[in-house]
1. Fewest Cβ neighbours within 10 Å first, please rank 86, 213 accordingly.
2. How do 147, 120 line up, fewest other C-beta atoms within 10 Å first?
3. Using the count of nearby Cβ atoms within 10 Å as a rough guide to exposure, how do 109, 129 rank from fewest to most?
4. Could you state the orientation-averaged shadow area of the convex hull built on the Cα atoms of segment 191-268, in nm² to one decimal?
5. If each residue of separation counts as 0.36 nm, what is the full-extension length gain between residue 357 and residue 53 once their alpha-carbon separation is subtracted?
6. Specify the inter-centroid distance of segment 239-262 and segment 117-144, based on alpha-carbon positions, in whole Å.
7. How far apart, in nm, are two points set 7 Å out from the Cα along the Cα-to-Cβ line at residue 123 and at residue 110?
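Coordinate-derived values only; no laboratory data. Computed from a predicted structure; not experimentally measured. Methodologically, a virtual Cβ is constructed for each residue, glycine included, from the backbone with ideal geometry; neighbour enumeration extends over all protein chains shown.
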C-alpha cells in the first residue's frame, strides 16, 4: 500500500497535463475512485493558459492512495498522467533528501518504466524523465524516494548497470546552487586550455613548443580540416597542473602576436553546453543594458504620412529637447515610410514633454500617436492583459440572467455532476437554489455544498463540493 508523506491530507499533484485538459475532465476521471472535494488546474495569471499541472483533493486518504496506485501514468488526452502526493512544504523537495539523479538513459525509457525500475527499493514520492519541447527524453531524470535509505540503496544497486543496453549513472541529486558552486570551484582548477588565431602551418608539435615553458604538458591537439589537411587555426593544450594553465592565460592571452597579425586568444576549454550557457547569459546582459539605456527616453511614433523621412521626423520633435537618434521605418522595396518610427531623446523629461505635446496632434493629414517605445515582452504582456480584461467583460455580460416577465419558474440546471466547473452560470444557479433548494442540489448529483458556496457562485468564485 502506498502511503503519502502527510497522511492527514488527501491532496494529489497531477502533472504532465495537456494544455486543453480541464477541471471537468479530471473530475470525470478521478471521481471514479471516490468523492472528490475540489480540483484546480493551475493557470498562468496573465494568459490563463494551463501550466500543465493540477491539484486533486479527495475526501478520503484511502481514495487518494488508490488513485496513485491504479491511475498513475494512465493516459488522458493521449498523454500519461504523473500523479504524486502534493507537497505543500517546499523544504522537503528542496532539501534533496531521498532525491536521486539518473543520466545516460535510453530515449525509450519513460516515466512509467523509470518508476517500475526503482519502485523495488522503496516508496517513490515522484519520478520524472526530463523532456524537450517535443516530448522527447533528454536522457536523464529524477526519482524522489520517501527515505534516504531507499535512495542510497538504489544508487548502490543501479549505478553502472545496463538499462536497455546503456550503462546508466545513478547518484545523489545535487541542488542547482550547489552545482553552480561546484562548477565555479572546478573552473578554477582547470588544466585544459583553448587556443585560437594560430597560423595554418601549426601542428601538434609546434603547439607544444609554444607552451612548454609554462609547465609539463600532457597533450596537445591542433584541429585539422578534413578536406584541405591544413590547420583550422585553433587547438587545445592539456597541462599537468592548473597553475601552469592559469599562468599561460595570464601571460599570453591577447599579448602574443602571430605571423598572421592576430594576437593569440587563450582561455579555459569549455564544453559546448557550457559555452552556449555563457553566451546566452552575456546576450541577456547586453539586451538588458540596451533596454535600460533607452528606457524612458525612446518614443514610438505612428500614423506618419508616407512622405515622412528621418529629417522631417526630427524637425517635428526637435523643439522638445536634444535628439540622440531618429528613425522612420521604411518599406524595403518601395523605400516609402511604413507609417511609424522612433525618436530617442537625451533626457526622460524631454521625452515626456514630447508625448504631452505631440500625442494626437495632427501632422500632415493624420493625428500622431506618440508613446514610450516598448520591447517585445512588454507589448506581449500588455496585449495579454487587454485580452483577458476583454474576455472577462464578455463573460460577466453573458452571466446576467435574462428577465422572464411571464414566467414563474426559475432557470433549469442540467442534472450533471460536472457543473462545478467554470461553465456554470452563477446567477442562474443562485436563482434556482433560492426558488427550489432540493431541485438545485439534485442538479449537482446530490453533492453537498458549504453554507457560503451559493453566495460564492453568485459572485463568480470557485466552489467546492463535500
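1. Placing the least packed residue first, the sequence is 213, 86.
2. 120, 147
3. On the way: 109 19, 129 23.
Listed from fewest to most nearby Cβ atoms, that is 109, 129.
4. Numbers: hull surface 18.4 nm².
If you wrap the Cα atoms of segment 191-268 in a convex hull and average its projections, you get 4.6 nm².
5. Details: separation 304, 0.36 × 304 = 109.44 nm, distance 4.93 nm.
Value of the extension gain: 104.5 nm.
6. Cα centres, segment 239-262 to segment 117-144: 44 Å.
7. Computed distance between label sites residue 123 and residue 110 equals 2.7 nm.
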